[in-house]
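K.L.:
Below are the structure tokens for one structure; questions will follow.
The values are calculated or read from the model by the stated rules, or taken from the named source; none is laboratory data. This is a predicted model, so every value here is computed, not measured. Every residue, glycine as well, gets a Cβ built from its backbone with ideal geometry; the counts of neighbours run over all protein chains shown.
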Amino acid sequence: MRQKIVAGNWKMNKDAAASQTLVDALLQRKLPTDVRVMIAPPMIFLDRLAQQAQGTVLGVVSQNMHAAESGAYTGEVSASMLKSIGVNTTLLGHSERRAYFNETNSSLAEKTAAASLAGIEMIFCFGEELADRKSGQHFDVVQAQLEKALFDVDALDWDKVILAYEPVWAIGTGETASPKQAQEMHAFIRSLLAEKGSEQIAAQTSILYGGSVKPNNAEALFSQADVDGGLIGGAALDADDFMEIVNAI
Ligand code: 13P
């Protein structure tokens, strides 16, 4: 179902005490009921924070998941492990995973298929690099990322797919895509969903924007017709900033 979503990706930030303090601070605010608010803390704190947020509207999601069910994959976690602690959503394909941990469109296709099979909802991240945009390849790059890791995957459960367009040049740089650039890409993505999937998939899939979303630019981005919310990095580490962004939707 297409819905308004603001998700905070904490990346590798906060220790045990600080993560608990931030969740406490968020839970003390009045979280809206018409916007899905989620956080993706470091894996090691998922279990505890999921328990802390249980029974509230705050969603706790994983930053990553392995494609295999179980086995000799040191340092990894599977879909069933996430489900066993009540975590039913994961980010997949973040540009930092692609850049630093060798995730590719084809390895991501395995992950999206595994998540779908396991009934895990995914926030699938993708986006072009600066060189792609400068050379005018950004639409092609985004199309290839979606085709290889989503459209080409058999029996993908689109009800459990949230898209997050994150242009790499805008992540952590303070440089945001303009509302017009974001809308242009989101409209293109929605047209691809209609063409490669169906009109229903296009109408029902939430497409988030990520990349230097801050309290002072969130409203302009979120007011675009095809922008359904945001995936927030740095500004999600502060309760006031994050809530200002949530309330900008
Ligand atoms: P920033 O908001 O820090 O640019 O990070 C965006 C991001 O990568 C969210 O996943």
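K.L.:
Mind listing whichever residues of segment 143-172 are at pLDDT below 95, assigned to a loop (DSSP other than H, G, I, E, B) and within 16 Å of the ligand (Cβ to nearest atom)?
P.N.:
Ile171, Gly172
K.L.:
Since Gly136 meets every condition but one in (1) under 17 Å from Asp228 (Cβ atoms); (2) not in a helix (DSSP H, G or I), which condition does it not meet?
P.N.:
The one condition Gly136 does not meet is (1).
K.L.:
Restrict the check to segment 96-111 and report whether at least one residue is outside any helix (DSSP H, G or I) and touching a Pro at 6+ places or on another chain (Cβ under 9 Å).
P.N.:
no
K.L.:
Considering only residues that are buried (at least 17 other Cβ atoms within 10 Å of the Cβ) and of a type outside the set (A, V, I, L, M, F, W, C), which ones fall in segment 182-212?
P.N.:
Within segment 182-212, Gln183, His186, Arg190, Gly197, Thr205, Ser206, Tyr209, Gly210, Gly211, Ser212 meet the criteria.
K.L.:
Oh, and also: Can you find a residue that is in contact with a helix residue (DSSP H, G or I) (Cβ under 9 Å, 6 or more places away or on another chain), among the polar types (S, T, N, Q) and surrounded by fewer than 16 Cβ atoms within 10 Å (Cβ to Cβ) anywhere in segment 224-239?
P.N.:
no
K.L.:
Touching a residue at least 24 places away in the same chain (Cβ under 8 Å) and farther than 26 Å from Ser107 by Cβ: does that describe Pro167?
P.N.:
So Pro167 does not fit the description; no.
K.L.:
Of all residues in segment 92-116, which are touching a residue at least 24 places away in the same chain (Cβ under 8 Å) and either crowded, with 23+ Cβ neighbours inside 10 Å or polar (S, T, N, Q) (or both)?
P.N.:
Leu92, Gly93, His94, Ser95, Asn105, Ser106, Ser107, Leu108, Lys111, Thr112, Ala115, Ser116
K.L.:
What residue, of Gly71, Gly59, Gly93, is farther than 24 Å from Gln20 by Cβ and within 16 Å of the ligand (Cβ to nearest atom)?
P.N.:
Of Gly71, Gly59, Gly93, the one residue that is farther than 24 Å from Gln20 by Cβ and within 16 Å of the ligand (Cβ to nearest atom) is Gly93.
K.L.:
Identify all residues within segment 67-76 that are surrounded by fewer than 18 Cβ atoms within 10 Å (Cβ to Cβ) and under 20 Å from the mean Cα position of the chain (by Cα); write none if there are none.
P.N.:
Glu76
K.L.:
Scan segment 203-249 residue by residue and report those that are of a type in the set (D, E, K, R) and either part of a loop (DSSP other than H, G, I, E, B) or more than 11 Å from the ligand (Cβ to nearest atom) (or both).
P.N.:
Those that are of a type in the set (D, E, K, R) and either part of a loop (DSSP other than H, G, I, E, B) or more than 11 Å from the ligand (Cβ to nearest atom) (or both): Lys214, Glu219, Asp226, Asp228, Asp238, Asp240, Glu244.
K.L.:
Can you find, within segment 1-37, the residue that is farthest from the ligand (Cβ to nearest atom) among those that are of a type in the set (Val, Ile, Thr) and over 30 Å from Ala203 (Cα atoms)?
P.N.:
Among them, the one singled out is Thr21.
K.L.:
Right, next: Do we have any residue at all in segment 175-195 that's closer than 22 Å to Ile120 by Cβ, of a type outside the set (Gly, Ala, Ser) and assigned to a helix (DSSP H, G or I)?
P.N.:
yes
K.L.:
Considering Leu130, Leu82, which residue is among the hydrophobic types (A, V, I, L, M, F, W, C), without any contact (Cβ under 8 Å) to a residue 40 or more places away in the chain and crowded, with 22+ Cβ neighbours inside 10 Å?
P.N.:
Leu82
K.L.:
Under 7 Å by Cβ, and 6 or more places apart or on different chains, what pairs join a residue from segment 7-20 that is in contact (Cβ under 8 Å) with a residue 24 or more places away in the chain with one that is more than 16 Å from the ligand (Cβ to nearest atom)?
P.N.:
What qualifies is Ala16/Phe45; Ser19/Phe45; Ser19/Leu49; Gln20/Gln52.
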